[in-house]
Amino acid sequence: MGHTIKNKFSEQLQEYVSSGEWMIVQEDYKPEENLKYESLFCLTNGYLGTRGSHEEGTARSIPCTYINGVFDKSETFMRELANMPNWLLLRLYVEKELIGIENCEILSFTRALNMRHAALVKSVCLRDRKGRETRIESVRFISRKHVHRMAVKLYVTPLNYSGIIEAENIIDGTVINFCDAPRFKVKHTYLTANEVLEEKGAYLETATRDDHLHEGCGTCVQIVQGGRDVVKTNMFHSFGEQAVEFLDFDVCEGETAELTKYAVIYTEREVKKEALKETVQKEMRDFRETGFEAEFAMHKECYERLWQEADIRIEGDGELNKAVRFNIFHLMSTASEFDSHVNIGAKLLHGEEYGGHAFWDTELFMLPFFAYTFPEKARNLETYRYHLLPAARENAAANGYRGAQYPWESADDGTEQCPDWTIEPDGTCYRCYVAVYEHHVTAAVAFGIANYVRITKDVDFLLHMGAEILIETARFWMSRCQYIEEKDRYEIHQVTGPDEWHEPVDNNVYTNYLARWNLRYVIELAKTLRQEHGEAYTRLSERINLTEEELAAWNKVQGKIYLPKKEGTQLLEQFEGYFDLKEVLIDKYDKNDWPVRPEILKTTKTSETQIIKQADVVMLLHLLGEEFDEETMKLNYSYYEKRTMHGSSLSPSIYAIMGLKVGDSSKAYRYLRRAAFLDLIDLQGNTREGIHAANAGGVWQTVIFGFAGLWTDDGGRLHVNPRLPGEWKSLSFRIHCPESWLQIEIDEAQEVKVTVLEGKETDIFVNGELKKARRISQ
Ligand code: IFM
């Protein structure tokens, strides 16, 4: 396999191609698959992301470059990531014929994402209308070393002709968001400069329409043959919102010319607008001096390091291993190690859906991956929530609550960015209530912080940022709890739990448990901080007016929060009244063993039945497992499993993990496959809108928490209880625990070997038995 893919590319591209286990390959060109591949082949570096559009542009395309943190609303529904000018466009013409994938006959085609080194490679052979055949091979990367640099290199070989090739290096500022969705179309930027970059090259500057935040993009093209510059003419033109550089060069049959397009982007988030162009020019000079190959070598080194930390090896299940890598690749590429003012959108930086907004997806699905593999990125994700704490306080106050209420959808300023109205493609408008009722996101933020601190032992973060959030979210829950005198209990009314097909409800058991957990956690935390960090605790509690009386009041309430369940049993009731709904069970499964929508839902509203969208009670078991005994977990898992349609990509991974925990491994492996291949085979039909980020985090959790059975207890001790499926020969991965970096290997006999790669030797419990993890040398 590895051999085959390498053979698809000529010698000059071998440096950019890895063996098959690292390559996601597109074997043929089908225009109807363009949008999907644009998401699958999107490249990101923590700063920006560029979708995998073709360099020359195609009819069906959503060419997007998003810079994380650059949001704009204008006349659309919400602040969304603004589509930046398209830096990628590079067109070649022979006698006015565009040599492009859609203008020519395709004689051969291979495109592939090299996940190991984050490069997109392509090899095509095209025949134009006059019978001229041209081979174009290309490689593209977005530098991880210098995040403002991007480049594409084309190797162009005329196979049966000689002549002149004209090239257009374009920066296209006409791009809009949702270009193929008439009701959502919006232009987020306006032009502020369109000029030569510096003697040569193109420079386009735009600004966002609401905040007038400037972004400058510079590109230039170098054309060489046999190491010699072969550009004959070079001209710049500014065409409205397009900056275009024309170049031409002679080609001889059978000889390859190399065109390198260098691109640089900066925004006013990094430099003052007066200095934008100069900064872009300087970066471009440095970039060109470094050169494509040397920059790529540095970028490649960065990826070698990233994979050293994050790779998961599954022996015996190659295709699944590759799919797992695919999810890790996009997740780790998108997170930022240098910017704590940005988060990760539900579709990463890979597509338009959800406007780049962060959801509970970050804390509960993605964060565990980062906390164990890239703790500094995890800290940034949590610090983002701290920066937005003032907005969360305002949000709570505006809704009549106390403390801090985090928005269901969060962009750059912390205000609610979930639209009030949604328009379906058929034109139906409906009021969208998720932001009004899905209060559980606030519990997720609190849980994420506690979890991050438990895994990393980052006490500094806890003292300076985390504790304050936890206290303010506890205050929010206090103000959400309503005392019901006749029942002598506290209830939380009018919420939507994770299952969005029943909204709103009273006493969603997931929400109530997490509210109680938040209150209890802070009561305990206050005790610990008072004892161990007295001064810091006093400073904090004075600053935010936290008194002993307030804590005592919380203690009273938490003990009386209503947690619905079936009388006389341990069966949790998803919300008050759920058991009274029509009992509908999933009794048919499709050829992939996936639930078939019960017939009755054609005539009965889903909300009137017990059919649910996604893990809700089972999500609770996943998060707060230590609060339930084994029997309770089993009972609830099997009850809700029969009622869950997995209508959200956030569901299968949680069922896989919990299935394994309760001893029902029958479906876990299939759930994992579904999650791992979800975008690769476009299972939900919406991969064109971006990569399902929470699902990607869920894939990681399923392998590590599910099959390896890894967890950290409250004392910070690591446990591994493996349950590898029969399909696997072995599983190995690396994780950071507070004082060491470990390699964990599990074989098919479920034997575990733990090696300390760096840091202190550490204790680890394997199936409950204490073992010492040692360095390799001992
Ligand atoms: O956060 C999720 C939600 O749980 C289900 N719908 C999609 C959202 C974003 O991924």
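Nothing in this text is a laboratory measurement; each read-out follows from the coordinates by a stated rule. Just so it is clear, the model here is predicted, and its values are computed rather than measured. FYI the Cβ positions are ideal-geometry reconstructions off the backbone, even for glycines, and counts take in every protein chain you see.
The figures follow:
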{"item": "Residues with amide H under 5 Å from that of Val186, placed H, sequence gap 5 or more", "result": "Asn177"}
{"item": "In sequence order, calculated HN-Hα J values of the stretch 324-336 (Karplus, 6.51, -1.76, 1.60; Hz; x Gly/Pro)", "result": "4, 4, 4, 5, 5, 3, 6, 5, 6, 5, 7, 5, 9"}
{"item": "Cα lying deepest toward the dipole's positive end in the chain, options Val244, Asn686, Leu90, charges on Cβ", "result": "Asn686"}
{"item": "Per residue, the convex hull volume that the Cα atoms of the stretch 632-772 enclose (Å³)", "result": "129 Å³"}
{"item": "Per-q log10 I(q)/I(0), the chain, q = 0.09, 0.10 Å⁻¹ (Debye; single scatterer per alpha-carbon; no solvent)", "result": "-0.87, -1.06"}
{"item": "The stretch 531-639, relative contact order in percent, only Cα pairs under 8 angstrom and at least six apart counted", "result": "20 percent"}
{"item": "Approximate spin-label separation His464-Lys771, in nm, with each point projected 7 Å along Cα-to-Cβ", "result": "3.7 nm"}
{"item": "Karplus 3J(HN,Hα) series, Hz, for the stretch 644-661 with 6.51 cos²θ - 1.76 cosθ + 1.60 (x for Gly, Pro)", "result": "9, 8, 6, x, 10, 5, 7, 9, x, 5, 5, 5, 5, 4, 6, x, 5, 5"}
{"item": "Lys/Arg +1, Asp/Glu -1 at C-beta; the chain dipole; positive extreme among Ala676, Val224, Thr383", "result": "Ala676"}
{"item": "Calculated FRET efficiency for the pair Asp413/Lys185, C-beta based, R₀ 22 Å, to 0.05", "result": "0.40"}
{"item": "When each of Lys261/Lys377; Lys527/Lys760; Lys582/Lys613; Lys667/Lys729; Lys347/Lys729; Lys36/Lys377 is checked by Cα-Cα distance, pairs over 21 Å", "result": "Lys261/Lys377; Lys527/Lys760; Lys347/Lys729; Lys36/Lys377"}
{"item": "Extension gain (nm, one decimal) between Asp250 and Glu293, 0.36 nm per residue minus Cα-Cα", "result": "13.1 nm"}
{"item": "Relative contact order (percent, whole number), the stretch 218-354, Cα cutoff 8 Å, 6+ residue spacing", "result": "15 percent"}
{"item": "FRET efficiency, Leu107 to Ser479 (Cβ-Cβ, R0 56 Å, nearest 0.05)", "result": "0.25"}
{"item": "Cα convex hull of the stretch 174-318 - mean projected area over all directions, nm²", "result": "14.6 nm²"}
{"item": "Value of relative contact order over the chain, rounded to a whole percent, pairs C-alpha under 8 Å and six or more apart", "result": "10 percent"}
{"item": "Rg ratio (alpha-carbon, reference 2.2 N^0.38 Å) - the stretch 464-606", "result": "1.38"}
{"item": "The chain - mean residue ellipticity at 222 nm from DSSP helices (-39,500 (n - 2.57) per run, n ≥ 4, rounded to 500)", "result": "-9000 deg cm²/dmol"}
{"item": "Rounded to whole Å, sorted largest first: equivalent-ellipsoid semi-axes of the stretch 379-520, Cα gyration tensor", "result": "25, 21, 13"}
{"item": "Full-stretch length increase - Asn721, Ile600 - with 0.36 nm per residue and alpha-carbon distance subtracted", "result": "39.5 nm"}
{"item": "Net lengthening on full extension, Arg530/Glu542 (0.36 nm per residue, minus Cα-Cα)", "result": "3.1 nm"}
{"item": "Electrostatic dipole magnitude of the chain [Cβ: Lys, Arg +1; Asp, Glu -1; Cα centre; debye, to 20]", "result": "900 debye"}
{"item": "Cα-Cα over 29 Å, subset of Lys122/Lys272; Lys565/Lys588; Lys8/Lys130; Lys8/Lys185; Lys6/Lys232; Lys560/Lys602", "result": "Lys122/Lys272; Lys8/Lys185; Lys6/Lys232; Lys560/Lys602"}
{"item": "Cα-projected label distance for His212 with Gln570, points at 7 Å along beta-carbon direction, nm", "result": "6.3 nm"}
